[in-house]
Every structure is written in C-alpha cells, then in structure tokens.
Amino acid sequence: ILNTTYVFYFIKKNDIKKLYITIIILILAILTIILQNEIFIKWKLTITYTIIGIIFIKNSHKKNLITQKIGKNLIKLPKKIWMHLNYIWGIYFFFIAITNIYISYKFNIKIWIYFKIFGITMSIIVFLIIQIFYIKYIYKK
C-alpha cells in the first residue's frame, strides 16, 4: 500500500494494474480480519493461486508474456521458450492451488500453516531450480 501510494503521488507514475492489485490485496486483508474464518483463509489462497494460474495460461499466446516481462533483462530466450515458461508457471500455480486445498482439508491447521509458509516457498525454489536446468538444456541445443 505504501509503495503504491508513493509511486502514485511522488513519482507520478500511474500504474493502474498495480493500483488494482493493491486494492484487491487490501480488500482480502480486511475481509480476513473481519471474518476471522479459517475456511475463508484457506480458500482465499487457493482461489488466488487459481486466478494467477488462469492469468498465466491465458497470457501464454499473447504478444507480451508475463514471464518475458519478468525475465527479459536477465536472459534472452526465443518467444517459443517464453511461451512454454508462461504455460508451465500457469500449471504450477494450479498445482499449488490444488495441493493447498487438499492439505487444508486432510491435515490440521498447524500442518497447513507450515505448508503455506515453508512448503510453498520451498516448492517455488525447487521449481525455479528445475526451470534453470530447463533453460540450460534449451541453450545446449
């Protein structure tokens, strides 16, 4: 919230997407505090990751790919590879959403919190390492 406010008022850069994301995060945070409902909290994460997965997959065949926007300054890859990475990230977010809801209903709240904090973080790190090897493999061709 502070970052978005700073960018809008001091840097004068009107990034509407960032504003929308900030508003959504703020609404979800307020709902979490007001409702204090365990089911809402668990489903909020699942729905968020599902929406992110949908965005990545729908974006996989557009001109400006999300993964390319993020990584274009780090590495130069052919458009086809950026499309694959975009699609793979979409599938990854669906996998996390499904895993989250499975763990939230099959295990107690303590296990789910550990999964949310450590499991998802570790899975992102492992996924990034796999992605690095995939990119290295592509470069060898």
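The values are calculated or read from the model by the stated rules, or taken from the named source; none is laboratory data. Quick caveat: nothing in here was measured; it's all calculated off a predicted structure. Reconstructed Cβ throughout: ideal geometry from the backbone, glycine too, with neighbour counts over all protein chains shown. Surface areas here come from the heavy atoms of the whole protein model, side chains and all, with no ligands, DNA or RNA. Shrake-Rupley method; radii C 1.70, N 1.55, O 1.52, S 1.80 Å.
For the stretch 32-48, a residue qualifies if it is open to solvent by less than 40 Å² (accessible area, probe 1.4 Å) and touching a residue at least 40 places away in the same chain (Cβ under 8 Å), and the qualifying residues are Lys42, Leu45, Thr46. Considered as a group, the residues in the stretch 101-115 that are more than 15 Å from Ile47 (Cα to Cα) and β-branched (Val, Ile, Thr) include one that is surrounded by the fewest Cβ atoms within 10 Å (Cβ to Cβ), and that residue is Ile109. Within the stretch 74-102, how many residues turn out to be of a type in the set (Ser, Thr, Tyr) and more than 14 Å from the chain's Cα centre (by Cα)? Result for the stretch 74-102: 2.
Filtering Lys44, Lys69 for residues that are more than 23 Å from Lys106 (Cβ to Cβ) and basic (Lys, Arg) leaves a single hit, Lys69.
Looking only at residues in the stretch 59-70 that are assigned to a helix (DSSP H, G or I) and out of contact with any helix residue (DSSP H, G or I) (no Cβ under 8 Å at 6 or more places or on another chain), the one that is most open to solvent (accessible area, probe 1.4 Å) is Ile70.
The conditions of being modelled with pLDDT of 95 or more, in contact with a helix residue (DSSP H, G or I) (Cβ under 7 Å, 6 or more places away or on another chain) and not β-branched (Val, Ile, Thr) are met by Tyr92. Can we say Ile120 is open to solvent by less than 90 Å² (accessible area, probe 1.4 Å) and part of a helix (DSSP H, G or I)? Taking the combined requirement at face value, the residue satisfies it. Kindly indicate whether any position in the stretch 126-141 is assigned to a helix (DSSP H, G or I), under 30 Å from Phe40 (Cα atoms) and polar (S, T, N, Q). Among the residues of the stretch 126-141, not one is assigned to a helix (DSSP H, G or I), under 30 Å from Phe40 (Cα atoms) and polar (S, T, N, Q), which makes the answer no.
Please go through the stretch 59-70 and give me each residue that is under 17 Å from the mean Cα position of the chain (by Cα) and either touching a residue at least 12 places away in the same chain (Cβ under 8 Å) or on the phi > 0 side of the Ramachandran plot (or both), ordered by number. Passing the criteria: Asn59, Ser60, Leu65, Ile66, Thr67, Gln68.
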